[in-house]
1. Would it be correct to say that SER265 is exposed (fewer than 15 other Cβ atoms within 10 Å of the Cβ) and at pLDDT below 95?
2. If you check every pair at least six apart or on different chains, which have Cβ atoms under 6 Å apart with a residue in the range 172-185 that is closer than 18 Å to ASP88 by Cα first and a residue that is small (Gly, Ala, Ser) and assigned to a helix (DSSP H, G or I) second?
3. Output the residues belonging to the range 116-141 that are part of a loop (DSSP other than H, G, I, E, B), of a type in the set (A, V, I, L, M, F, W, C) and either in contact with a strand residue (DSSP E or B) (Cβ under 9 Å, 6 or more places away or on another chain) or over 23 Å from ARG196 (Cα atoms) (or both).
4. Looking at GLY252, GLY193, GLY215 in this structure, which one is under 22 Å from LYS324 (Cα atoms), at pLDDT below 95 and surrounded by fewer than 22 Cβ atoms within 10 Å (Cβ to Cβ)?
5. So if I check each of VAL122, VAL78, VAL90, which one is at pLDDT 85 or above and either aliphatic (A, V, I, L, M) or touching a Lys or Arg at 6+ places or on another chain (Cβ under 8 Å) (or both)?
6. I'd like to check something: does the range 88-96 contain any residue that is surrounded by fewer than 18 Cβ atoms within 10 Å (Cβ to Cβ), part of a strand (DSSP E or B) and out of contact with any Phe, Trp or Tyr (no Cβ under 9 Å at 6 or more places or on another chain)?
7. Among the numbered criteria (1) within 29 Å of the chain's Cα centre (by Cα); (2) in a helix (DSSP H, G or I); (3) without any contact (Cβ under 8 Å) to a residue 60 or more places away in the chain, which one does PHE311 miss?
Amino acid sequence: MHCKSLITILAALLLLAGCASQAPRQAAPKPAQVKAQIVRLLPARTLDREGWANDIYTAFEAQKIPATTQNVCSVLAVTEQESTFQADPVVPGLGKIARDEIDRRAAKAHIPNLLVRGALQVSSTNGKSYSDRLNAARSEKELSAIFDDFIGRVPMGKSLFDGFNPVHTGGPMQVSIAFAEQQARSYPYAVDGSIRREVFSRRGGMYFGIAHLLGYPVNYRQPLYRFADFNAGWYASRNAAFQAALNRATGGSLALDGDLIRHGSIMPGTTELAVRSLGKRLDMRNTTIRDQLELGDSLEFEDSKLYKRVFELAQKAQGKSLPKAVLPGIELQSPKITRKLTTAWFAKRVDERYQRCMKRASGG
């Protein structure tokens with residue numbers, strides 16, 4: 001009886017396993033369902049909700065990023081923090097900010113102030129002087145267009161003032177224009193003049209902003225660290241944790257800024273010098289250390305001997321495991337910022353918005 005009962009049980013389990021393997025997979029949500037969810041999760045005061053949902057959905061689809069609730073809420077949280085869902089947000093006092101930045105850059109480039117002032121008095125394409133247009137500028141899109149016009153029109157504008165455009169980020173997610181230009185190969189829309197102009201549109205700003213927020217693989221357990229990376233650069237939170245482990249292993253006090261090397265220079269920075277001080281314990285030469293630190297802009301760094309050995313030494317010294325992601329200790333610098341703000345402040349503010357979005361998604 002016992003043998004027959006066992007055979008019967010095994011047969012039943014095999015039957016159940018067969019039924020489970022034949023069960024249909026849950027169908028992926030249709031575009032209309034995804035867009036409807038985005039519309040529902042947008043903040044209540046957002047105008048043209050369907051338009052926002054369409055542009056966000058297109059960005060997810062074009063980049064093959066899953067439009068999960070977590071990803072959607074992450075994007076909405078950053079956008080709300082950066083622009084409160086305005087494609088081209090107004091910046092108070094932008095004209096003065098621009099003039100101050102021009103003066104600063106002119107002084108750095110040793111361009112006489114008299115030459116700059118004279119160039120700004122030239123009549124622009126709409127008949128007004130560039131000086132008057134700068135004083136009246138209210139948004140970054142408007143300011144950027146003035147500079148593009150200015151550089152192409154004033155005498156020696158290209159040679160004297162190319163690179164003087166003070167607008168480096170823009171659009172509803174305040175994404176870097178340089179980043180957007182690097183990511184433009186698979187852009188799904190016909191470009192309106194330039195990628196810079198596309199960044200200031202809703203569709204372009206969301207496409208490149210989503211690429212910057214979600215377009216790279218991470219092992220973070222919380223979106224909080226992606227929010228910090230959005231502000232400080234890809235893998236900044238992971239690299240800051242590595243620097244914290246390096247401090248523990250060496251007894252040092254490195255700034256947790258996420259910068260592992262001096263980009264554009266062969267000279268070692270403070271983090272590289274700290275790693276070199278562990279060279280014998282790591283059994284690694286300086287050239288190998290440099291090569292592996294240069295992996296700091298990729299997920300591959302986490303598989304390197306350097307990364308693993310530093311954490312092993314630090315955790316041995318600490319007597320317990322250490323976090324693999326921490327908020328970078330970076331003070332935000334921008335002509336638009338008038339008070340002391342940090343990357344940690346930004347990430348936590350975005351995370352608060354993210355948590356509210358997730359609560360709305362769950363019906364809370």
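The values are calculated or read from the model by the stated rules, or taken from the named source; none is laboratory data. Predicted model only: the values in this text are computed from it and were never measured. All Cβ positions, even for glycine, are placed from backbone atoms using ideal geometry, and neighbour counts span all protein chains on display.
1. For SER265, the condition - exposed (fewer than 15 other Cβ atoms within 10 Å of the Cβ) and at pLDDT below 95 - is met.
2. Between residues of the range 172-185 that are closer than 18 Å to ASP88 by Cα and residues that are small (Gly, Ala, Ser) and assigned to a helix (DSSP H, G or I), the close pairs are PRO172/SER83; PRO172/GLY205; MET173/GLY205; MET173/GLY209; VAL175/GLY209.
3. VAL122
4. Values: GLY193 fails: under 22 Å from LYS324 (Cα atoms); GLY215 fails: at pLDDT below 95.
Just one listed residue meets the conditions, GLY252.
5. From the options VAL122, VAL78, VAL90, the qualifying one is VAL78.
6. yes
7. (3)
Let's see how each residue does on (1) out of contact with any Leu (no Cβ under 9 Å at 6 or more places or on another chain); (2) assigned to a helix (DSSP H, G or I); (3) not assigned by TED's automatic domain parsing to the domain that holds ARG49:
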site	(1), (2), (3)
PHE85	no, no, no
ALA98	no, yes, yes
ALA106	no, yes, yes
ILE111	no, no, yes
LEU114	yes, yes, yes
LEU143	no, yes, yes
